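Below is one structure, written out as structure tokens; the observations come after it.
The values are calculated or read from the model by the stated rules, or taken from the named source; none is laboratory data. Computed from a predicted model, the values in this text were never measured in an experiment. Cβ placement follows ideal geometry from the backbone for every residue including glycine, while neighbour counts extend to all protein chains displayed. In case anyone asks, the SASA skips ligands and DNA or RNA and just uses the protein heavy atoms, side chains included. Shrake-Rupley method; radii C 1.70, N 1.55, O 1.52, S 1.80 Å.
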Amino acid sequence: MAITIRDMTGGERSAPFVGDDPFALTRTWLAEAAKTEPNDPNAMQIATVDADGLPNVRTVLLKEIETDGFVFYTNYQSAKGQEIEATGQGAFVIHWKSLRRQVRARGLIERVSAEQSDAYFQSRDIGSRIGAHASEQSRPLDSRGSLAAKVAALTLKLGTKPRRPEHWGGYRLRPIEMEFWADGAFRLHDRFRWVLKNEAKVWQISRLNP
Ligand SMILES: Cc1cc2nc3c(=O)[nH]c(=O)nc-3n(C[C@H](O)[C@H](O)[C@H](O)COP(=O)(O)O)c2cc1C
């Protein structure tokens, strides 16, 4: 679906906020951060809420930026997996200290297709694939030794081409709102917000107070 841009900023957006497409802008900032961040420029903090509405947050790696969504991979039975399955929504923030910039997004979260998860799973190194089979992420673990024993047993059992376990795969966050933030002198930072309007047909862009 074609999305119209309604820019309410009076043409005030200049570098590094150039461009109307928030997915392309995130890609551009991530590429810049990849040159300056010491580790994991694609690390993002993803927030969900539990059944009582209590927020939860943790880091995951942003693996794909699509034309309308952001994809990460995890265990579907983990705490975050259960919270996403129950609510279908979440939010993330990425802060690049080296750039002094931040991107935020909130919206709906859905599973990516089984084919997409299979393709990404097969691209991972063999240790990570076995690890995804072995880890009952977020549930209690008796000891490091029992996990190591499980990994060893699964390495023998699954061989060199393990299939993706059903409990592991990708989620896509489709934002309904995004914000791009860049550091300014005396805490007078620049902030621009993209909000989906008119049944997701229009991205409306506004400047926000710092
Ligand atoms: C830099 C970094 C990257 C991480 N990437 C992932 C990831 O891509 N997927 C994942 O499931 N957990 C990842 N983790 C671990 C999570 O932060 C978290 O411990 C785990 O997913 C369990 O979270 P939950 O119990 O809230 O579901 C990462 C942690 C760090 C610090």
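Odds and ends about this structure:
- Student exercise, the stretch 4-208 dipole from Lys, Arg, Asp, Glu Cβ charges, in Debye to nearest 20: 360
- Global form of the stretch 157-202, assessed from the alpha-carbon gyration tensor, a/c cut-off 1.5: oblate
- Cα long-axis angle, helix 144-158 against the chain (0 to 90 degrees, to the nearest 10): 80
- When a 1.4 Å probe is rolled over the protein heavy atoms, the share of accessible surface on the stretch 4-208 that falls to carbon and sulfur comes to 51 percent.
- Of the listed residues HIS95, HIS133, the order by accessible area with a 1.4 Å probe, largest first, is HIS95, HIS133.
- Annotation: extensible slack from GLU64 through THR9 equals 16.9 nm (criterion: 0.36 nm per residue apart, minus Cα-Cα distance).
- Most positive-pole-ward Cα, GLN122, THR160, ALA24, against dipole of the chain from beta carbon charges: THR160
- Solvent-accessible area per residue for the stretch 4-208 (1.4 angstrom probe, square angstrom): 55
- Once exposed loop GluC sites (Glu not before Pro) are cut out (DSSP; at most 14 other Cβ, 10 Å), longest piece of the chain: 67-135
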